[in-house]
1. Against the condition touching a residue at least 60 places away in the same chain (Cβ under 8 Å), in contact with a helix residue (DSSP H, G or I) (Cβ under 7 Å, 6 or more places away or on another chain) and of a type outside the set (S, T, N, Q), how does A229 come out, does it pass?
2. Going through region 254-286 one residue at a time, which ones are farther than 30 Å from V241 by Cβ and at pLDDT below 70?
3. Please verify whether A196 is over 26 Å from S133 (Cα atoms) and either β-branched (V, I, T) or in contact with a strand residue (DSSP E or B) (Cβ under 8 Å, 6 or more places away or on another chain) (or both), treating the condition exactly as stated.
4. Can you report the number of residues in region 217-258 which are surrounded by 15 or more Cβ atoms within 10 Å (Cβ to Cβ), in a helix (DSSP H, G or I) and hydroxyl-bearing (S, T, Y)?
Amino acid sequence: MRYFLFIKLIVLSITCVFTQEYNTLYVEVPEPSPEALSYYKSGNVLWVINFSLGFLIPLLFLFTGLSAKIRNWAKRLGRNKWFFTLAFYFIIFSIISFFIDFPLSYYQGFIREHAYNLSNQTFAKWFTDSINSHLIVTLIGGLFISIPYFLLKKSPKRWWFYTSIIMVPFMAFIMLIYPIWIAPLFNDFGPMKDKALEAKILTLAEETGIEGSRVFEVNKSIDTKKVNAYVNGFHNTKRIVLWDTIIEKLDEDELLSVMAHEMGHYVLGHTIKSLVFLLFIFKSLITISFFFKYFFKSFAEP
């Protein structure tokens, strides 16, 4: 007990030291406006609603018998070939889900953004982007969903383990192709217009160890008034991307500070670490589910 209290005292002392250090580096942040607080709070409510619907809609499909009907349609369309049956099931499921989600998506992505004066998007552009996004997700999801079922046939006891391992390279592959082929489907990615600022950003990138990257300016102002910038890609696909909104609203020093922050995320490998963390969570949840399965089974046995 004394040893524990001693360790606790050391930790508390270190915390006080760091707290004093941070206090000397405190940067005053302006108070958020009522509109900003309202947007933040309503966003949290929408997150809870979307999260809940992510469970409720599949349950609705299951308990109403709609899932069984979709399965029968998919079997007929796929001629009882398991791969095509799965693909058609996922496509039909996605189409129905799209129409169920449409009212909330319309409010969240179009009505709400215009209400807070954060969007420049026309309904036609929003609807086109929504359709394209849904088609891309359906295509990629339709291809990937066959992998767990294939592994289930080959290894009924360890399919979950192999699936979780495949998740990381699959997500890495999506991250690789997204900046090159997917993102340009929604907005134009062009060379940066301010060449002097571009040179400073590339110099900053080289100083942080991001070499051989290209800088792109995106005409995001056609969609939104929000600002954003990021660094992504691997090897020859490395990209430093700035929305034209952030270039317009920030001065040069502010913009370089933002880019240094984004480059820090890239250099420290936060995206890769997030993928590994998701893999860990996925495996942990499956392990826990198997534990409870056998735990309750042991009570059921005489």
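The values are calculated or read from the model by the stated rules, or taken from the named source; none is laboratory data. On a predicted model such as this, the values are computed, not experimentally measured, just so you know. No Cβ is skipped: glycine too gets one built from the backbone with ideal geometry, and neighbour counts run over all protein chains shown.
1. Working: touching a residue at least 60 places away in the same chain (Cβ under 8 Å): no; in contact with a helix residue (DSSP H, G or I) (Cβ under 7 Å, 6 or more places away or on another chain): yes; of a type outside the set (S, T, N, Q): yes.
No; evaluated as a whole, the condition is false for this residue.
2. Filtering region 254-286 for residues farther than 30 Å from V241 by Cβ gives 283-286.
Correct list: K283, L285, I286.
3. Working: over 26 Å from S133 (Cα atoms): yes; either β-branched (V, I, T) or in contact with a strand residue (DSSP E or B) (Cβ under 8 Å, 6 or more places away or on another chain) (or both): no.
In short, no.
4. 3
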